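Remarks on the structure that follows.
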Amino acid sequence: MLFQCNTCRRLQTVSVRGICSRHGCSGKLEEKRLREIEPNHYRRLYQEDMPASLIVEEHTAQLDHEKAREFQRDFREGKIHVLSCSTTFELGVDLGNLDTAFLRNVPPEIFNYAQRVGRVGRRSGIPGFAITYCGRNPHDLYHFIEPLQMIKGKIQPPVLSLKNYKIISRHVTATALSAFFQNHKERFKTVENLCEDLSNPKFVSDFEIFLNAHRTELENSLRTIIPQDMFTSLGLHDGTWIQAIAGENSRISYSVDEVSSDYKKTIALKEMLSKEEKYDLANWAKKRAETIAGDDVLSFLSRKAVIPKYGFPVDVVELDTQRVKSSQDASEVLLQRDLTIAISEFAPTSSLIANKKVWTSYGLKKVAEREWDRWWYARCPTHARFERKRYEGEERPPSFEGCCPKMKIYQYIEPKFGFVTSLEKPKEPTGRPIKVFTTRPYFAGFKDKKGEEKDFNAVILTTVSPGYMVVVCEGRRGEGFFICKDCGAGFRNIKDFRKEHDTPQGYKCPARPETLRPSVSLGHELVTDVLKIQFSHPPSVLIEEPGFAFSLAYAMVEGAAYILGVRPNDLSATVAYGSDDYPIPPIILYDNVPGGAGLVARLEDKNTFRDCLESAKRRLGGACGCGETDSCYGCLRSYRNQFAHQYLQRGPVLRYLDDILAKWL
């Protein structure tokens, strides 16, 4: 027998004069049998048997392939109950019958949504359940308000530019390597077989000799798969394609030099530790050398982005965990990022979580007899001016054509060999690592010549042509990084920089404090499709720069992404230095992948561009809830434009787009 209050509905096992025991409640207790009490979710949970354990694992591209397959198998067999996945599970993975899918954000495109929610409810007679959590960002909020656009929307066919140099050059490399390995099957086993001598690798020179000897037959084969109008740019007309894929500055040459440098450093470390009778560390160095030498050739070429792989061709670098086959933690993860992202996420002292461990970057990876590319650059925060000049070994910065006293000169390094952790064992996570560093893109000019101008009355477009985009990470509060020129160890403050430090391999670095590299930024150059947008109509109200131009630029990114049916991250924008003839500096909208993807080129159509403006205006309509003189993650803000958050305002841009559309012809 139970007793229930007729007012607050509280349950009690004892009744004293029918008085409810809840403070302040005037209700009376009534006798109830258990079957008479209305159902309660939490009471049912207490009455039922709960699982003895709930095992949760991740499944992302950061996992080694074998570990990922192990998790897939265990999930199918019920040994893992919850699998936290990235887009790796959208295609090509058979998991059988799933009951529930929880989407932690709105997928970027309609086909992504269909793939993800379509995983559940495949068993006859048992409905699946899919729930989508909408975050506070423009994309998610829009689809929260208009859910049918995602649920019933039309799937657009994917667009791919067949003239992307990066895509074609990797297929050229793959074709050439295929011919080489057919003639030298013994080289297609391990990295040691590939190089023959890892201390003095011969592969690149052997590969170049082979290509020159078989040039005619290879070129005939390549002409059947490469668009004819790309012959000249790839060098098929004069044989320069051989230098492009097998020369001193080719991707494969860098990769072989890197693995040779790692091997030689590890062997030298083993010998030094053996002499010092540090046998445990010497044994680690021995296993590390064996791991490097025994790496599978195909995995090596794919990991170093020499040959085509799943996903768009980006300039991939690795956070090297210095793994050995016997080390479970390091051997089960593969930490790679596009260099535009890696310069912040893999920057020295940055941390990330993979396979339930915290991995911390220790510095930039050094390769023997190779140097990082270094540039001087000058930027003005007021006028969005950006200029750069290649570093030629000079101690003092070169002169730049300044626009005002706020234009300052800095230096950046391009960490094209990647990053490295220390030998310390990764720690258990106690929370999500804080993202300390951000990046900012700059337009460094057109590669060859700029396109033609199209006048849409209030807007002038410079048609798409290849341009140089430079993405820079200037460290915490613009203080840069302190990088050891000998071992690559990186520090965030000058005090740690001036102390003695260990190399990434764990021994004392011989570099003296006065010889260490001063504060520098990290940067990366990519050549991609660029659309220059010049708004010629003056705003009707007083505006503040550069805030108004950046607000307009990021509204255009969101609008264009929706109209083109792509993720906002596939596009990006910045503000360039303009002339006094126009009230607003030019906006640079570009494909956020090397070589371009043909996305911004679709905005050259007048009607498509107008649709983009209309879409941008809708995103600024106020559904996000912020004030007109402010912005939020529901309209203009995102992680990648943190540098401009203090300037972004949606109201002035909303009114300006109203004026532009009213004058559209």
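The values are calculated or read from the model by the stated rules, or taken from the named source; none is laboratory data. The structure presented is a predicted model; accordingly, all values stated were derived computationally and were not measured. Note that we place each Cβ from the backbone using ideal geometry, even for glycine, and neighbour counts take in every protein chain shown. What goes into the accessible areas is simple: the full protein's heavy atoms, side chains included, and nothing from ligands, DNA or RNA. Shrake-Rupley method; radii C 1.70, N 1.55, O 1.52, S 1.80 Å.
Full extension of the chain segment joining Arg567 with Lys154 gains 147.1 nm, where the gain is 0.36 nm per residue of separation less the Cα-Cα distance.
Which FRET efficiency, nearest 0.05, do Thr608 and Leu45 yield, Cβ-Cβ r, R0 56 Å? About 0.60, to the nearest 0.05. Cα extents for the range 236-386 along the principal axes, largest to smallest and rounded to whole angstrom: 58, 46, 32.
Accessible surface for Asp64 stands near 40 Å², nearest 10, in the context of the full protein assembly shown (1.4 Å probe).
With a Förster radius of 22 Å applied to the beta-carbon distance between Asn493 and Lys435, the computed FRET efficiency rounds to 0.75. Put +1 on the Cβ of each Lys and Arg and -1 on the Cβ of each Asp and Glu in the chain; which of Pro652, Tyr507, Ala342 then has its Cα farthest toward the positive end of the dipole? The residue sitting farthest along the positive end of the dipole is Pro652.
Checked against a 32 Å cut-off, the cross-linked pairs Lys389/Lys485; Lys366/Lys532; Lys202/Lys356; Lys406/Lys435; Lys265/Lys356 give Cα-Cα distances beyond that limit for Lys366/Lys532; Lys202/Lys356. Distance between the C-alpha centers of the range 212-247 and the range 250-322? Whole Å please. Computed from Cα coordinates, the inter-centre distance equals 30 Å. A Cβ-based charge dipole, computed about the Cα centre of the range 296-450 with Lys and Arg at +1 and Asp and Glu at -1, lands at about 440 debye. Across the options Thr463, Asn200, Ser551, the greatest Cα extent toward the positive end of the charge dipole of the chain (unit charges at beta carbon of Lys, Arg, Asp, Glu) belongs to Ser551.
Take every pair of alpha-carbon atoms less than 8 Å apart whose residues are at least six positions apart; their mean separation over the length of the range 1-119 yields a relative contact order of 16 percent.
From its DSSP helices (H runs of at least four residues, each -39,500 (n - 2.57)), the chain gives a residue-normalised ellipticity at 222 nm of -9000 deg cm²/dmol. Residue by residue, the range 291-299 carries 3J(HN,Hα) couplings of 5, 4, 5, x, 4, 5, 4, 5, 5 Hz when phi is fed to the Karplus relation 6.51 cos²θ - 1.76 cosθ + 1.60 (θ = phi - 60°); x denotes Gly or Pro.
Look at where the Cα atoms of the range 95-164 and of the range 480-507 average out, and the two centres are 45 Å apart. Averaging the sequence gap over all C-alpha pairs within less than 8 Å and six or more residues apart, then dividing by the number of residues, gives the range 376-431 a relative contact order of 37 percent. Of the two radii for the range 488-598, the radius of gyration is 1.20 times the Kirkwood radius, both from the alpha carbons; that is the Rg over Rh value. Listed by chain and number, the aspartates and glutamates whose C-alpha is less than 15 Å from the C-alpha of Lys270, apart from same-chain residues fewer than 8 away, are Asp262, Asp280, Glu290.
Decide, for the range 5-71, between rounded, prolate and oblate: order the square roots of the alpha carbon gyration tensor eigenvalues as a ≥ b ≥ c, take rounded if a/c falls under 1.5, and otherwise choose prolate if a/b is larger than b/c, else oblate. It comes out prolate by the Cα gyration axes. What pairs from Lys278/Lys499; Lys154/Lys617; Lys365/Lys447; Lys185/Lys508 go past 32 Å between their alpha carbons? With Cα atoms farther than 32 Å apart: Lys185/Lys508.
The value of relative contact order for the chain, using C-alpha pairs under 8 Å at least six residues apart, is 11 percent.
For the range 361-402, the extents of the C-alpha atoms along the principal axes are 39, 26, 12 Å, listed from largest to smallest. Overall, the accessible surface of the chain at a probe of 1.4 angstrom is composed of carbon and sulfur to the extent of 50 percent. Ordering Pro586, Leu636, Gly625 by the projection of their Cα atoms onto the charge dipole of the range 566-660, which places +1 on the Cβ of Lys and Arg and -1 on the Cβ of Asp and Glu, puts Gly625 at the extreme positive end. Kirkwood-type hydrodynamic radius, the range 139-272: 18.0 Å, calculated from all non-identical alpha-carbon pairs. Extents of the range 371-449, largest first, come to 50, 30, 30 Å (Cα atoms, principal axes, whole angstrom). Cα centroids of the range 1-62 and the range 371-396: how far apart, whole angstrom? Centre-to-centre (Cα) distance: 67 Å. With a ≥ b ≥ c taken as the square roots of the eigenvalues of the C-alpha gyration tensor of the range 552-651, please select rounded if a/c is under 1.5 and otherwise prolate if a/b is larger than b/c or oblate if it is not? Because its axes are fairly even, with a/c under 1.5, the range 552-651 counts as rounded. Each peptide among 581-588, 186-193, 315-322 gets the average number of other Cβ atoms lying within 10 Å of its residues, and from highest to lowest they stand as 315-322, 581-588, 186-193.
Accessible surface area normalised per residue over the range 351-509 is 52 Å², counting heavy atoms of protein chains with a 1.4 Å rolling probe. Coupling constants for the range 357-370 follow from the phi torsions by the Karplus curve (6.51 cos²θ - 1.76 cosθ + 1.60, θ = phi - 60°), and in residue order they are 10, 9, 10, 10, 6, 9, x, 8, 6, 9, 10, 4, 6, 10 Hz; glycine and proline get x. By the Stokes-Einstein formula, at 1.567 mPa s and 4 °C, the range 536-575 with its Kirkwood radius over alpha-carbon pairs has D equal to 116 µm²/s. With bins 10 Å wide beginning at 0, the percent of Cα pairs of the chain falling in each bin runs 3, 12, 20, 23, 20, 12, 5, 3, 2, 0, 0. Roughly how big is the chain's charge dipole about its Cα centre, with Cβ charges of +1 (Lys, Arg) and -1 (Asp, Glu), in debye to the nearest 20? So the dipole magnitude of the chain works out to roughly 2120 debye.
Each residue, Leu162 and Gln646, gets one label point 7 Å from its Cα in the Cβ direction; the gap between the two is 5.0 nm. Multiplying the sequence separation of Cys403 and Asp502 by 0.36 nm and subtracting their Cα-Cα distance, what value in nm do you get? Residue separation times 0.36 nm, minus the Cα-Cα distance, leaves 31.3 nm. The Rg/Rh ratio for the range 381-510, using Cα coordinates for both the radius of gyration and the Kirkwood hydrodynamic radius, is 1.07. The coefficient of translational diffusion for the range 330-405, derived via Stokes-Einstein from the alpha carbon Kirkwood radius under 20 °C and 1.002 mPa s, stands at 134 µm²/s. Its alpha carbons considered, the range 79-204 gives a radius of gyration followed by a Dmax of 22.6, 64 Å.
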